[in-house]
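Student: This is the structure I have questions about; it appears just below.
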Amino acid sequence: PTPTPTPTPTPTPTPTPTQPNPTVASATDHPLTATRPPPRETEKTGGKRLPYVVDSMSESYTPSVLAIEEDFDAEVTASGKGSLYLSMGEGKFERKATNASVHVVRCANFKTWFNIYTSDGKRVIKQDVSHTMNLITNPTDNAIIWTFFHGGRARVWSFRFAKNDQMSLITRKLRVGMWEKERKEEFKELKDEDQRGVEEDDMDVDYETEDEEDEEEIYGLKEKFIADRFPERKTGSTVEKNSVVEAGMKLDRNYVVRGSEMGVFKGGYGSNDVSYVGKIKEIRDTNGDLFSPEKVFLHDKDTKMIMLPSENCKRALVMDIESGKVTEEWKGGEDFQIKDLFPGTKYQQLTGGNLIAGCNDKTVFRFDQRLPGSKLADKKIYKTNYKFSNVTTNEAGNLAVGSEMGELRLYSEASKMAKVMFPGLGDPIKGVDTTADGKWVLATCKRYLLLYNVQSEKGHTGFQKRLLKGEKPAPLKLQITPSDIERLGIKEINFNLARFSVGSREEQMISTSTGQYLIVWSFSAIKKNAAKARYQYRIKRLSESVVGGQFTYDAPKMIVATENDVMLQKVKAEKAKPKRRRGRYQD
């Protein structure tokens, strides 16, 4: 018989190593401690994953970070654990949850959410990250404090972190979220030196315990003297309200704009009272047309007033104070826009001078009143529209320019490039002011003020020379505390132009207003110890909304205009213990 052939053995294939599924990650492998899962292609993020910051403390969360990311289809940029507290007023906080977790979630379209979960995974807070949070830190208690508006009422919450670095990381990511929300730009596109100005706060520390009893000189808002109202005039069915106030320095006269009228008051200059003198009944341009000035400032030793009409204008109008008539019209060219003007030097109103600083969307310039025809003396025009919106000067004539993009630039001269640019915190800058020596610059935003120390360690300022890498200061953010917002029932913050006090000595105070509230900080105390003094302001409620206020020259007083009244507000130095951010936490 034919032998049966032995079958050839089929070779066993070499097993291929199992490849991990690039789209799946286990929640147990990814609490914040494991390797980042590969990118997910999503419509909302355009297929782009954002850089992830790994928490240095190995923690697991309920729900997991991955579950939160899936829920939001977004990126968790920072997480932490601790206890959640609710303010009971007067600095007292009552604990509402222990072993709670907090997560900052960065979504598409520059939106960031602040989320807090209880230990069993129930979400108790979901809040849109913005400057309306009025976020402050409490380093002593390793806590953050913020406001949450619900139903028109402000509630104050606090979260005490179990670990220090978690508070720092959460705070930085919240600040980044606020900046991106306002700017609608990627934070990572900023230069490293500018990122520090957004993320960090040089004064984000508490002072030493042994300093607690040290008293600081602050400025209290004392008596006020209200002038007689100047007669109301109706425009149709509308009763005009006060809109602009300007205080004299050389002469004892103060001016308040109401529609196309201007009230004249005396007092404040060597006086403890203010009284109505009369009014300029009709403000008309050189063509005889009525107009309502949007901005005014005194010029040529208080004998003239420069006015900008309320519409987007191409001219500045010059009024002779004695006659009450507009005698000149200044232009920079036929189509040259004017966004803002300011005296050529800080105290030119007193000393006299011919130059006027100005800006429009793309140009920083100076007018010279001596020039025939166009008054444009020198300028710097940019190809990029930086949306410049306001300008001020120091006593040397250097310029500080703010923008609707929230940026602040310093110039030695109008025709040269900016020496330094600060990115701000995202909100448009409504106005700027400087100290006479140019060492400090103050920017007003809607919900906060930014105070910059622009003097380098070598002694020069950012107006004179460029600040080297590492020399750019992070701004000191001045704001109303969450506890005062809750205590006073403030529903919205919209600061008017903040100003330094004025006079022959160094500036002592900073003042602004919002709604019915007038606020004064001690600038001298801030320079000495900002950690103590930044929240040691004085706030006073008036009978109606404040439209503006100015310090009187060389006197601790302010000329303040509300919608209907004009008053002299006395400001008196007093000693007070510093206001700590430390809360009383009840467990």
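Student: Out of (1) in contact with a strand residue (DSSP E or B) (Cβ under 6 Å, 6 or more places away or on another chain); (2) among the basic types (Lys, Arg); (3) in contact (Cβ under 8 Å) with a residue 60 or more places away in the chain, what's the single condition that is false for Arg447?
Tutor: Unmet condition: (1).
Student: I'd like to check something: does region 382-389 contain any residue that is of a type in the set (D, E, K, R), in contact with a strand residue (DSSP E or B) (Cβ under 7 Å, 6 or more places away or on another chain) and not in a loop (DSSP other than H, G, I, E, B)?
Tutor: no
Results for (1) modelled with pLDDT of 70 or more; (2) open to solvent by 20 Å² or more (accessible area, probe 1.4 Å), shown as yes or no for each residue.
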site: Met178; (1), (2): yes, no
site: Lys188; (1), (2): yes, yes
site: Glu199; (1), (2): yes, yes
site: Tyr207; (1), (2): no, no
site: Asp214; (1), (2): no, yes
site: Thr235; (1), (2): no, yes
site: Phe265; (1), (2): yes, no
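Student: Identify, by number, the condition in (1) open to solvent by 80 Å² or more (accessible area, probe 1.4 Å); (2) under 19 Å from Arg229 (Cα atoms); (3) of a type in the set (S, T, N, Q) that Ser260 doesn't meet.
Tutor: Among (1) open to solvent by 80 Å² or more (accessible area, probe 1.4 Å); (2) under 19 Å from Arg229 (Cα atoms); (3) of a type in the set (S, T, N, Q), Ser260 violates only (1).
Student: Oh, and also: Output the qualifying pairs, or none if there are none: Cβ atoms under 6 angstrom, residues six or more apart or on different chains, first residue in region 526-539 and farther than 18 Å from Lys570 by Cα, second residue assigned to a helix (DSSP H, G or I) and among the aromatic types (Phe, Trp, Tyr).
Tutor: Every condition considered, no pair remains.
Results for (1) in a loop (DSSP other than H, G, I, E, B); (2) among the aliphatic types (A, V, I, L, M); (3) at pLDDT 95 or above; (4) within 18 Å of the chain's Cα centre (by Cα), shown as yes or no for each residue.
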position	(1), (2), (3), (4)
Tyr452	no, no, yes, yes
Lys472	yes, no, no, yes
Thr512	no, no, yes, yes
Lys540	no, no, yes, no
Ser543	yes, no, no, no
Asp554	yes, no, no, no
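Student: Could you list all residues from region 556-577 that are part of a loop (DSSP other than H, G, I, E, B), open to solvent by less than 20 Å² (accessible area, probe 1.4 Å) and of a type outside the set (D, E, K, R)?
Tutor: Listed by number, the list holds a single entry, Asn564.
Student: Here is a follow-up. Taking the condition of being among the charged types (D, E, K, R), within 14 Å of Ala357 (Cβ to Cβ) and touching an Asp or Glu at 6+ places or on another chain (Cβ under 8 Å), how many residues in region 395-445 meet it?
Tutor: 2
Student: So, Thr434, is that one open to solvent by less than 20 Å² (accessible area, probe 1.4 Å), more than 14 Å from the chain's Cα centre (by Cα) and in contact (Cβ under 8 Å) with a residue 60 or more places away in the chain or not?
Tutor: Against the criterion (open to solvent by less than 20 Å² (accessible area, probe 1.4 Å), more than 14 Å from the chain's Cα centre (by Cα) and in contact (Cβ under 8 Å) with a residue 60 or more places away in the chain), Thr434 qualifies.
Student: Could I ask something else about it? Return yes or no: is Lys96 in a strand (DSSP E or B), of a type in the set (Lys, Arg) and under 26 Å from the mean Cα position of the chain (by Cα)?
Tutor: No, not satisfied.
Student: Here's something else I'd like to know. Where residues in region 348-370 are open to solvent by 60 Å² or more (accessible area, probe 1.4 Å) and of a type outside the set (S, T, N, Q), which of them is nearest to Glu413 (Cα to Cα)?
Tutor: Out of the qualifying residues, it is Lys362.
Student: Quick one: would you say Ser501 is touching a helix residue (DSSP H, G or I) at 6+ places or on another chain (Cβ under 9 Å), open to solvent by less than 50 Å² (accessible area, probe 1.4 Å) and of a type outside the set (Phe, Trp, Tyr)?
Tutor: Judged against the criteria, Ser501 is a match.
Student: Let me ask something additional. Which of the residues spanning region 409-427 are among the basic types (Lys, Arg) and not in a loop (DSSP other than H, G, I, E, B)?
Tutor: Within region 409-427, just Arg409 meets the criteria.
Student: Can you find, within region 371-398, the residue that is farthest from Gly503 (Cα to Cα) among those that are aliphatic (A, V, I, L, M) and open to solvent by 70 Å² or more (accessible area, probe 1.4 Å)?
Tutor: Top of the filtered list is Ile381.
The values are calculated or read from the model by the stated rules, or taken from the named source; none is laboratory data. Predicted, not measured: the structure shown is a model, and the values here were computed from it. So basically every Cβ, Gly included, is an ideal-geometry build from the backbone, and we count neighbours across all protein chains shown. Please note that ligands, DNA and RNA were not included when accessible areas were found on the heavy atoms of the full protein model with its side chains. Shrake-Rupley method; radii C 1.70, N 1.55, O 1.52, S 1.80 Å.
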